[in-house]
1. Too long at a 22 Å Cα-Cα cut-off: which of 121/215; 115/181; 8/115; 115/152; 100/135; 100/121?
2. What would the Debye formula give as log10 I(q)/I(0) at q = 0.08, 0.15 Å⁻¹ for the alpha-carbon point model of the chain, no solvent?
3. What percent does the relative contact order of the chain come to when contacts are Cα pairs within less than 8 Å and at least six residues apart?
4. With the Cα gyration tensor of region 76-183 giving a ≥ b ≥ c as the square roots of its eigenvalues, does the rule (a/c under 1.5 for rounded; else a/b larger than b/c for prolate; else oblate) give rounded, prolate or oblate?
5. Using Cα atoms only, what is the angle between the long axis of helix 128-145 and the major principal axis of the chain, expressed in degrees (0 to 90) to the nearest 10?
6. Using +1 on the beta carbon of Lys and Arg, -1 on that of Asp and Glu, and nothing else charged, what's the dipole of region 197-288 about the Cα centre, debye to 20?
7. Could you let me know the centre-to-centre spacing of region 196-265 and region 45-94, using Cα atoms, in angstrom?
8. Need one number: convex hull volume per residue for region 135-214, Cα atoms only, in Å³.
Amino acid sequence: MKKRITSKFNSRQYMLSEDFEVFYYSDLHFHSINLHTHDYYELYFFEEGSVEMEIGGDSYPLRHGDVILIPPGIRHRAVLTDPDVTYRRFVFWQSRNFAKAMEEQSPDFGYIIGKAETEEKYVYHTDALTFNSLKSKLFTLLDELGADRYGKQTQVSIYIQDLLLTLNRHIYEQDRSRSVKENRGRYEEITGYIDLHLDEELSLDRLAREFFLSKYYLVHLFQDSTGLSVHQYIIKKRLEACCDSMLNGASVSEAYRQWGFGDYSAFYRAFRKEYGMPPSSFLELHRM
């Protein structure tokens, strides 16, 4: 099937179709074309070759499994660093109207287009399993386009939706996983800082300045990670430190002053709310 659906490379950089065009290229001694733009979205699935992709002034060395989304008007070109290596890739062109219609049908089809246009994020890497799945869908789509079967138009529409949804879902989940890991690392960094400075003034403003973060981000980071506000987390850690100090011989007044409580009444209210008893009863219970 692969041999039958391989296209001979054409340097044409305009669409003949009003909606989409799909190609599978396999070239040896490929001659790079000049930097260019076009008036449609280009999805590029890199399978094999020694290639760097220039996009908007940046250069990206490609590896097997890379997927590229180039929006209209962005200057780009593929440059072969070793023309003696076979250069294989899929190319999927979508007109503006087609991409818009797909996104109106469901925003799930437009996730990577949105990232390209708002964040200038063009290149993604997929793992072998995901890329093989995408390749299989592309070959199936090309085979259907080259056949003459009943329901062809409907089947092609289903295959395209499946391809685009699979790709957008993978990139979304990849981004989500990375975001969770980054947030976890940042949360641990901030809580480590809090633990080292419990005896100092620890306001939301100070933490935001210290870590160059917005207060909005900090509030949601702690809410998502612990279900507590930043202030509630700090109070909780200070109370734990006070308990340790008192159990190791410090008086109540020494403990609350040491660990950042401004006055006894604030400490007392927080302690009773957290442990359900006053500090004196807590100490008596542990003595018993």
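Since every read-out is calculated from the coordinates, none of them should be taken as a lab result. All of these numbers come straight from a predicted model, not from anything done at the bench. Don't worry about glycine lacking a Cβ; one is built from the backbone with ideal geometry, like all the others, and counts go over all protein chains shown.
1. Working: 121/215 26 Å; 115/181 20 Å; 8/115 31 Å; 115/152 32 Å; 100/135 24 Å; 100/121 19 Å.
Result: 121/215; 8/115; 115/152; 100/135 exceed 22 Å.
2. Taking Cα atoms of the chain as identical point scatterers yields -0.55, -1.10.
3. Working: 366 pairs, mean separation 38.5, N = 288.
With pairs under 8 Å counted, the relative contact order is 13 percent.
4. Working: a/c = 1.66, a/b = 1.16, b/c = 1.43.
Here region 76-183 falls in the oblate category.
5. Value to nearest ten degrees: 30.
6. On the way: 11 positive and 12 negative charges, 45 e Å.
In debye, rounded to 20, region 197-288 gives about 220.
7. First find each Cα centre; the distance between them is then 51 Å.
8. Details: hull volume 8.5 nm³, N = 80.
For region 135-214, the hull spanned by Cα atoms encloses 107 Å³ per residue.
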